[in-house]
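To start, the structure itself, in structure tokens.
The values are calculated or read from the model by the stated rules, or taken from the named source; none is laboratory data. This one's a predicted model, so the numbers in the text were calculated from it and none came from an experiment. Here the Cβ positions follow ideal geometry from the backbone for every residue, glycine too, while neighbour counts run over all protein chains shown. These area figures cover heavy atoms from the full protein model, side chains too; ligands, DNA and RNA do not enter into them. Shrake-Rupley method; radii C 1.70, N 1.55, O 1.52, S 1.80 Å.
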Number of protein chains: 2
Amino acid sequence: MQSAPSQAAPLTPAVVFENVQAFQRTFALKAAIELDIFRAVGEGPGDLASIARHAKASERGTRILCDFLVVSGLLEKVDGRYRHSPTSAAFLDPKSPSCIASIVKFLTLPDVRQSYECLADVVRNGRTAMPGQGTVEPENPIWVEFAQSMAPMMAPLAGPLGSIALQGRNGPMRVLDIACGHGLFGIEIAKQNPQAHVTGLDWAPVLRVALENAQKAGVRERYDMLPGSAFEVDFGGPYDTILLTNFLHHFNADTCVELLKKVRSSLKPDGCAATLEFVPNEDRVSPPLPAAFAMTMLATTEWGDAYTYSELSDMHRRAGFGEVTCHPVPLSPHTVVLAKAGK
Amino acid sequence: MQSAPSQAAPLTPAVVFENVQAFQRTFALKAAIELDIFRAVGEGPGDLASIARHAKASERGTRILCDFLVVSGLLEKVDGRYRHSPTSAAFLDPKSPSCIASIVKFLTLPDVRQSYECLADVVRNGRTAMPGQGTVEPENPIWVEFAQSMAPMMAPLAGPLGSIALQGRNGPMRVLDIACGHGLFGIEIAKQNPQAHVTGLDWAPVLRVALENAQKAGVRERYDMLPGSAFEVDFGGPYDTILLTNFLHHFNADTCVELLKKVRSSLKPDGCAATLEFVPNEDRVSPPLPAAFAMTMLATTEWGDAYTYSELSDMHRRAGFGEVTCHPVPLSPHTVVLAKAGK
């Protein structure tokens, strides 16, 4: 008799069930933020009654919600009391300077979510179910919400991006921040180099958010505004550095190349472009966050994507740039692609 | 000088971002099932062009969707081609006898999801945003969808439940299957014991699904129907075994005790009740699936819950049952609680 074949690990449908039910996680976290649960956990003794009181919510609802947050890795529970995990203390307690709870506002906007309700059609058609160009339709007001809500998540990237983009440059310089949104990236360069002069480009209502942030950072007198579309306004220049942060992913490769040509022609011969992007590996399925970001682009744009480094590098070369280098930002899903204007 | 404190693992907000975006996973899997992606992957060479052709979908959309499924652990990608993981082959390919793809229909019904759109209010009020008793409102038509869509996920539980409930009993016996839904649990007992006579109790439109399944299983002549509410109809009896599968979690403890009293009074002195439930540990936050199930009960019922074993045991004792024992079903998130009618 032959021996029995070696047994494979037992199969269960758990991962399928978890994926089907995953939407619950989004809404549980959103509800917890709205109910100020993370402040209650940080401030109080962590028992159910005090959290429910702070949230002005039922004990049944609060208990089930908090237990669900523990299962989701967003709180801890010890001896029946809830307490922060290191992650929730840092990123979800409103008292933490690194709190990013506001991102839930932008990322669950009805406009942002509508394509998912008919995602099979979106996949069939290969484009967002939103009208026109989707989120990048001219003057789309969601970018004001983006500038306000997403800034805390982008803030930790500003320092690394600034260092990579500046490459130690001192002295007077001009910087253009295309689709600047909250403005934090250009503002950071103005902070790192006290002689840098920054021009923020975005829709006028968005620029008001950037200007407010420039004021707070004490660099308002070195911050100019260029309202309009990156594809239509005259950039002016020439600039030493042009920032393209979280922007190229909204467009197809040919559109990116056209924009990069315009960027290059607005740079000094020794200037450079610094692009911040979600850059998945060439397999397009790792690391998880940059790879998954392509889905957001499918659902919200006509042609956008999470481009690989070889694709981004190729776009820059087609636009006439010289040396292109890749700088992953540690502890983040983002990568900076730096491209020199000259050969 | 003191030495620097030992460094903690670097913190990132990745888990927060993943939870905010988790809704994408639900809709990606739903779209993939609607587009028949898992059949295409199982049948074809796994290249993008052939999958897109099978799905009658754009290559851009298909590529982004399939990559997203890989990131979500629902497909594999090797050398640019998509292929089944052992899990997707078993549970998502429609050619597999254990395919559970249909569960996405029930679990993403607009009725089932509506409470999540206002989950903070649900937590405040401590009950579903659905009118009346939520999903257990009399004659709620979603239970027909449940009986049809969820049967494949419940089918693997029928064998273990049947063995535990029968405890080796042979010979003539009468079985009542309360809120039988698809009917698979009672039908299994009729299959394991050729002298068992089963009565399925549920709303009349749901019983038509159970009856169809009894017919398919060849036990139709030993299967009776008792249409109506478990709280209102006369159970008849006495029975040797009464099944309460995935039912108690919809109600509060007092209602469960009342129902269990009615169950006990319909059992023979040596009969027993077999309850199938999601039973979390006493900490209520593990294991993940049974613990997370409480959220579904918050969102869809007035008073339901994922009860711990000590709570279920207590309910049975308050209803007058004798010995109560706990039987976790291997490789599933379910547990069978077996209770003897007599002391």
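If I filter region A:335-343 for residues that are buried (at least 24 other Cβ atoms within 10 Å of the Cβ) and under 22 Å from A:GLY126 (Cβ atoms), do I get at least one hit? No, region A:335-343 contains no residue that is buried (at least 24 other Cβ atoms within 10 Å of the Cβ) and under 22 Å from A:GLY126 (Cβ atoms).
Could you tell me which residue of region B:306-333 is farthest from the chain's Cα centre (by Cα), considering only residues that are closer than 27 Å to A:THR12 by Cα and surrounded by 23 or more Cβ atoms within 10 Å (Cβ to Cβ)? Here the residue is B:LEU312.
Where in region B:86-149 are there helices (runs of 4 or more DSSP H), lying wholly inside it, with at least 2 residues that are small (Gly, Ala, Ser) and under 30 Å from B:VAL41 (Cβ atoms)? The qualifying helices (runs of 4 or more DSSP H) are B:86-91, B:142-149. Taken together, the residues in region B:165-204 that are open to solvent by 10 Å² or more (accessible area, probe 1.4 Å) and over 18 Å from B:LYS268 (Cβ atoms) amount to 9. Close contacts from region B:39-68, counting a first residue that is closer than 18 Å to A:VAL122 by Cα and free of Cβ contacts under 8 Å to residues at least 24 places away in the same chain and a second that is part of a loop (DSSP other than H, G, I, E, B) and open to solvent by less than 10 Å² (accessible area, probe 1.4 Å), with Cβ to Cβ under 6 Å and a gap of 6+ residues or different chains, come to B:ALA55/B:LEU35; B:ALA57/B:LEU35; B:SER58/A:GLY126; B:ARG60/A:GLY126; B:GLY61/A:GLY126. Would you mind stating whether B:LEU243 is of a type in the set (A, V, I, L, M), in a strand (DSSP E or B) and surrounded by 19 or more Cβ atoms within 10 Å (Cβ to Cβ)? It is true that B:LEU243 is of a type in the set (A, V, I, L, M), in a strand (DSSP E or B) and surrounded by 19 or more Cβ atoms within 10 Å (Cβ to Cβ). Quick check: anything in region B:250-257 open to solvent by less than 60 Å² (accessible area, probe 1.4 Å), in contact with a strand residue (DSSP E or B) (Cβ under 8 Å, 6 or more places away or on another chain), at pLDDT 95 or above and among the hydroxyl-bearing types (Ser, Thr, Tyr)? There is no residue in region B:250-257 that is open to solvent by less than 60 Å² (accessible area, probe 1.4 Å), in contact with a strand residue (DSSP E or B) (Cβ under 8 Å, 6 or more places away or on another chain), at pLDDT 95 or above and among the hydroxyl-bearing types (Ser, Thr, Tyr).
Across region A:103-133, the number of residues qualifying as under 17 Å from the mean Cα position of the chain (by Cα) and not charged (D, E, K, R) comes to 7. For first residues located in region B:97-109 and more than 9 Å from chain A (Cβ to nearest Cβ) and over 9 Å from B:MET150 (Cα atoms), partners that are open to solvent by 10 Å² or more (accessible area, probe 1.4 Å) and modelled with pLDDT of 95 or more and lie 6+ apart or on another chain with Cβ distances below 7 Å form the pairs B:CYS99/B:PHE91; B:CYS99/B:ASP93.
Tell me the residue from A:GLU212, A:GLU282 that is under 28 Å from B:GLN21 (Cβ atoms), among the charged types (D, E, K, R) and not in a helix (DSSP H, G or I), please. Write out each step before concluding.
Details: A:GLU212 fails: not in a helix (DSSP H, G or I).
That would be A:GLU282, the only listed residue that is under 28 Å from B:GLN21 (Cβ atoms), among the charged types (D, E, K, R) and not in a helix (DSSP H, G or I).
What residue, among those in region B:60-89 that are more than 7 Å from chain A (Cβ to nearest Cβ) and charged (D, E, K, R), is farthest from A:LEU11 (Cα to Cα)?
Applying the filter and picking the extreme gives B:ARG63.
For B:LEU226, are the conditions met, namely being within 28 Å of B:GLY132 (Cβ to Cβ) and open to solvent by less than 10 Å² (accessible area, probe 1.4 Å)? Full working, then the answer.
Details: within 28 Å of B:GLY132 (Cβ to Cβ): yes; open to solvent by less than 10 Å² (accessible area, probe 1.4 Å): no.
When the stated conditions are applied, B:LEU226 does not pass them.
Of the set (1) touching a residue at least 24 places away in the same chain (Cβ under 8 Å); (2) more than 7 Å from chain B (Cβ to nearest Cβ), all apply to A:LEU92 but (2). Every listed requirement among (1) surrounded by 24 or more Cβ atoms within 10 Å (Cβ to Cβ); (2) closer than 18 Å to B:GLY304 by Cβ is met by A:VAL41 save one, (2). The set of residues from region A:125-158 being of a type in the set (Ser, Thr, Tyr) and over 30 Å from B:ALA52 (Cβ atoms) comprises just one member, A:SER149.
When you look at A:PRO269, is it in contact with a Lys or Arg (Cβ under 8 Å, 6 or more places away or on another chain), open to solvent by 30 Å² or more (accessible area, probe 1.4 Å) and touching a residue at least 40 places away in the same chain (Cβ under 8 Å), yes or no?
Working: in contact with a Lys or Arg (Cβ under 8 Å, 6 or more places away or on another chain): no; open to solvent by 30 Å² or more (accessible area, probe 1.4 Å): yes; touching a residue at least 40 places away in the same chain (Cβ under 8 Å): yes.
In short, no.
Within region A:131-156, the set of residues being buried (at least 21 other Cβ atoms within 10 Å of the Cβ) and under 22 Å from B:ALA31 (Cβ atoms) comprises A:GLY134, A:THR135. Put simply, of A:ARG124, A:ARG113 the only residue that is at pLDDT below 95 and within 13 Å of another protein chain (Cβ to nearest Cβ) is A:ARG113.
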